[in-house]
Structures are given as structure tokens and as C-alpha cells.
Amino acid sequence: MSFFRRILTVALAVCLVLPAVAQAERPLEAGTPMTLTSPAAILVETDTGTIIFEKNADERREVASITKLMTALLVLEAIDRGDVRLTDSVQVSQNAAAMKGSQALLDANATYTLEDLLRTTIMASANDSAVALSEYLCGSEEAFVARMNARAAEMGMANTHYVNCTGYPQDGQYTTARDVAALCCEVAKHPAYTTYSSVWIDTLTHPGGRVTDLTNTNRLVRFYEGCDGFKTGSTDAARYCLAATASKNGMRLVAIVLGTPVSQTRFDEARAMLDYGFANYQRVVIANKGDLLGESIPVKGGAADSVELALGGGLSMLLKNGQQSGLRLELSLPESVSAPLEQGDIIGTVNVLMNGQIIAKLNCVAASDVPRPGFIEGLYRILQNWR
């Protein structure tokens with residue numbers, strides 16, 4: 001007799017693109033649906049990492065201050081671990097205060113809160129603030145950059161190498177649109193980032209009372225509905241770069257354009273990419289963790305003869321409007337299970353198939369506890385079986 005008792009097939013007529021439990025490695029669309037003059041670009045749904053379309057996404061390029069996304073991520077992760085706090089006092093070194101490029105105009109040897117340094121790094125792309133943060137966390141920018149590269153490797157950013165924490169032009173520093181997309185998806189897990197990146201105009205009051213006006217470098221924060229980040233970048237070598245994110249109708253997209261010759265073009269093309277994504281795709285929850293499957297399985301030696309089955313995980317999908325396809329769920333179960341069982345114990349597997357290929361797997365679990373019977377109940381069952 002086969003180990004599996006049966007295969008339950010449920011046909012669902014849905015507009016399937018890809019479930020959240022299986023991140024897309026290939027873009028959903030071949031080519032780009034609009035003309036993009038940017039040398040490299042990619043449009044991604046951040047929660048699943050699903051790539052909608054891309055252009056030269058693996059071409060190594062400099063990305064200027066988009067590098068600061070990794071700097072900010074490491075700071076946010078350190079805050080989450082409790083290694084540092086937003087209220088920490090950070091003394092700015094002569095080295096940090098002397099940074100070229102975009103600045104918060106920090107005073108050397110003055111003390112600022114970590115939060116002020118973080119928000120000016122994110123919002124105003126301040127090189128001096130980024131270096132001050134790196135020195136505070138790791139003792140030196142060089143040690144911090146080593147951590148940046150280690151974190152990039154952990155995230156699978158195989159075509160990325162950092163040389164500094166600011167993105168200021170320096171030989172040997174590069175990344176790709178695909179790797180930036182992976183970084184954005186990780187940053188999106190930290191809502192604190194958009195607390196700062198969504199602010200259009202702000203000020204920084206220095207310890208001596210001097211005030212610096214701050215303006216967000218990402219124009220879409222002001223001029224595109226739902227846009228709340230992530231980061232711009234521009235140098236002569238990188239040209240004009242942008243990772244723009246927006247959230248609408250429960251879905252967050254990020255449009256990344258790199259190497260655009262004209263500043264305004266990066267905003268125009270990112271806007272067009274976001275418009276396309278929101279107009280043509282939607283996130284839909286197909287199943288939730290704990291949903292009952294309408295099936296039960298026999299239990300041997302239990303206080304109950306069977307146990308209902310539930311999903312051990314959820315399933316969500318990125319759907320393209322008007323695209324019809326068939327999704328099949330195959331429920332694979334043993335003949336029976338033995339008591340005792342606890343709610344949530346894994347019993348089988350729900351395979352999610354698309355065009356006959358498994359694209360995701362979910363655990364099938366016990367929906368309730370099934371203990372062994374007590375002595376009297378067990379004796380009664382034995383007597384019943386003798387009849």
C-alpha cells in the first residue's frame with residue numbers, strides 16, 4: 001500500500017503570478033513594458049522580492065549615495081539588537097566632519113544624537129553623518145565597511161563590493177540593480193527608515209545653536225502619491241540613480257534606475273515604472289495560516305478518532321490583472337497518525353503547483369490537540385473492539 005493515502009486536488013481559478021513563499025528569480029515579464037533610457041533598471045515587489053521586469057539588472061555600476069542604504073540598514077539592525085539607541089550621544093570626529101560631497105555640515109568634536117545622524121544620512125544623504133555613524137558602530141569606517149560587505153554576502157548580493165559607507169567615488173566600489181533591489185527589500189522590513197525618508201523638508205539644530213536646513217533629495221516623496229523613500233545618488237561616475245518606493249493598496253513596490261544621464265529622467269522613469277506596477281498588479285492573500293482544509297485524518301490510539309487539518313503557513317500572490325491561470329493544491333497525507341497530537345504538529349504537505357511544477361510547499365498541520373485516552377475511556381474502547 002502506498003505511503004500516501006490520497007492526493008487531494010483543489011482547482012482555483014485565479015490570476016496567478018507568483019506566491020510570496022517562493023521568491024522570484026526571473027522577472028515576470030520579458031523586457032520592459034515602457035521605454036527606459038536608464039542603462040539599468042528593475043521593478044520589484046518588496047514583500048516577496050518578486051521581480052516584475054528588469055533591464056541590465058546584473059550590470060555592475062557605481063550607485064553613489066544609494067550605498068547609504070546599507071549604512072542605514074546596519075544602523076537599524078544594531079538598534080533592533082539593542083547594541084545602540086537613537087538617543088545615544090555620538091561625538092563627530094575631525095575625519096567625519098571633513099567629508100566631501102553632500103553634508104549635514106556637522107561640527108567636528110561636537111556631540112549629536114544617533115537619531116540626528118541617522119535621519120540626516122537617510123533624508124539629506126549626508127556623508128559626514130554616515131561616516132560618524134560608521135565610526136560609532138565599529139570604531140572606524142574601514143571596520144564598518146567590512147561589516148557592510150559581510151552583510152551583503154549574507155543577503156546574496158554577489159555583485160556588490162563596498163569601499164566606503166557613503167558612495168563617494170572610490171575605485172573598486174560597485175553593485176547592480178538586482179543587488180540594490182535585494183537591499184531595498186531588506187530595508188523595507190524596517191519601518192523606521194521611511195519615518196525619515198518620507199520627510200520633505202526639515203532642519204538640524206547643531207549643539208552650538210546653528211541651524212542647517214535639510215531638503216529631501218528624493219523629489220518623488222513630495223510629488224508621487226504613496227512614495228516614502230528610499231534613496232537617491234549622483235556622481236560623475238554613477239550619473240543619476242534612484243531607488244524609489246511607494247506603497248498603495250497593501251502592496252509596496254520599488255523602482256530602481258541607475259546611470260541616468262539627466263537628473264529629472266530618473267524621477268520620470270521611476271514614476272512610470274511605479275505607475276505600471278500599481279496599475280497592472282495586485283497582492284492577494286490566497287490562504288492564511290490556520291485556515292481549515294476541510295479534511296481530517298484518522299488518529300490511532302487517541303481520545304478522538306480523527307483530527308481536522310489546517311494550513312501551517314500562509315500564501316499570498318502577486319496577481320496581474322486579467323491574466324487567468326490555474327493553481328492546483330495537492331494535499332499529501334499518510335494513512336493515519338498516532339496520538340498524542342498537539343495543535344500545529346506537522347502531518348503532511350500541501351504542494352502548490354503551477355503548470356504541473358511545484359512552486360511552493362506549505363505544511364499541513366493538526367488543527368487541534370488529540371491526547372491519548374484516559375484509563376476508563378481506553379478500557380471502554382478495548383471492550384468495544386472485542387464485540
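Derivation of every value follows stated rules applied to the coordinates shown; laboratory data play no part. None of these values were measured; they are calculated from a predicted model. Ideal geometry is used to build each Cβ from the backbone, glycine not excepted, and the neighbour counts take in all protein chains shown.
Where Lys and Arg each count +1 and Asp and Glu each count -1, what net charge lies around ILE66 among other residues with Cβ under 14 Å from its Cβ?
With Lys, Arg at +1 and Asp, Glu at -1, the net is +4.
Take the Cβ-Cβ distance between SER368 and GLU335 as r, set R0 to 25 Å, and report the resulting FRET efficiency rounded to the nearest 0.05.
0.80
Using helices alone, what [θ] at 222 nm do you get for the chain, with -39,500 (n - 2.57) per DSSP H run of 4 or more residues, divided over all residues and rounded to the nearest 500?
It comes out at -8000 deg cm²/dmol, rounded to the nearest 500.
Going 7 Å from the Cα of ASP213 in the Cα-to-Cβ direction, what parts of region 68-105 have a backbone nitrogen less than 18 Å from that spot?
102-105
Going by a ≥ b ≥ c, the root eigenvalues of the Cα gyration tensor, does region 111-270 fall in the rounded group (a/c under 1.5), the prolate group (a/b larger than b/c) or the oblate group?
rounded
Estimate the FRET efficiency between ARG26 and ARG328 by the formula 1/(1 + (r/R0)^6), using the beta-carbon distance for r and 22 Å for R0, to the nearest 0.05.
Rounded to the nearest 0.05, the efficiency is 0.60.
Sort ILE42, ILE201, ILE79 so that the residue with the fewest other Cβ atoms within 10 Å of its own Cβ comes first and the one with the most comes last.
The fewest-first ordering by Cβ neighbours comes to ILE201, ILE79, ILE42.
By how many degrees, 0 to 90 and rounded to 10, does the Cα axis of helix 177-187 deviate from the longest principal axis of the chain?
70 degrees
Which of the trypsin sites (Lys or Arg not before Pro) found in region 270-355 are loop residues per DSSP with 15 or fewer other Cβ atoms within 10 Å of their Cβ?
LYS289
When LYS231, LYS248 are ordered from fewest to most other Cβ atoms inside 10 Å of their Cβ, what list results?
LYS248, LYS231
Determine the dipole magnitude for the chain: charges of +1 sit on the beta-carbon of Lys and Arg, -1 on that of Asp and Glu, nothing else is charged, the reference point is the Cα centre, and the result goes in debye to the nearest 20.
780 debye
If the chain between VAL284 and ASP58 were fully stretched, how many nm would it gain, using 0.36 nm times the residue separation less the Cα-Cα distance?
Once the chain is fully extended between VAL284 and ASP58, it gains 78.4 nm.
Mind checking the angle between helix 375-386 and the chain's longest principal axis? C-alpha axes, 0 to 90 degrees, to the nearest 10.
With rounding to tens, the tilt is 50 degrees.
Scan region 63-166 for trypsin sites (Lys or Arg not before Pro) in coil per DSSP, keeping those whose Cβ has at most 12 other Cβ atoms within 10 Å, and list them by number.
ARG85, LYS100
Pull out the extension gain between GLU225 and ASN321, defined as 0.36 nm times the separation in residues minus the alpha carbon to alpha carbon distance; nm, one decimal.
32.4 nm
In what sequence do PHE267, PHE230 fall when counting other Cβ within 10 Å, fewest first?
PHE267, PHE230
Specify which residue in the list ALA158, VAL199, TYR136 is farthest towards the positive end of the charge dipole of region 31-282, using unit charges on the beta carbon of Lys, Arg (+1) and Asp, Glu (-1), about the Cα centre.
VAL199
Using a simple spin-label model with points 7 Å from Cα along the Cα→Cβ vector, what separation in nm is obtained for GLN91 and ILE358?
Reported label-point gap for GLN91 and ILE358 is 5.9 nm.
Only Lys, Arg, Asp and Glu count, each charged at its Cβ (+1, +1, -1, -1), so figure out the dipole size of region 181-255 about its Cα centre, rounded to 20 debye.
Here the size comes out at about 100 debye.
Go through (i) 21.4; (ii) 18.2; (iii) 24.5 and flag the label whose value is the computed mean projected area of the Cα convex hull in nm² for this structure.
Structure-derived value, by its label: (iii).
Could you order the peptides 210-223, 171-184 from most to least packed, using the average number of other C-beta atoms within 10 Å per residue?
171-184, 210-223
Sketch the reach of a paramagnetic label on ASP107 as a point 7 Å from Cα along Cα-to-Cβ, and name the residues of region 195-221 whose backbone nitrogen lies under 14 Å away.
204-212
Using alpha carbons only, how many angstrom separate the centre of region 202-273 from the centre of region 103-129?
18 Å
What's the extension gain from THR35 to GLU154 if we count 0.36 nm per residue and subtract their Cα-Cα distance?
39.5 nm
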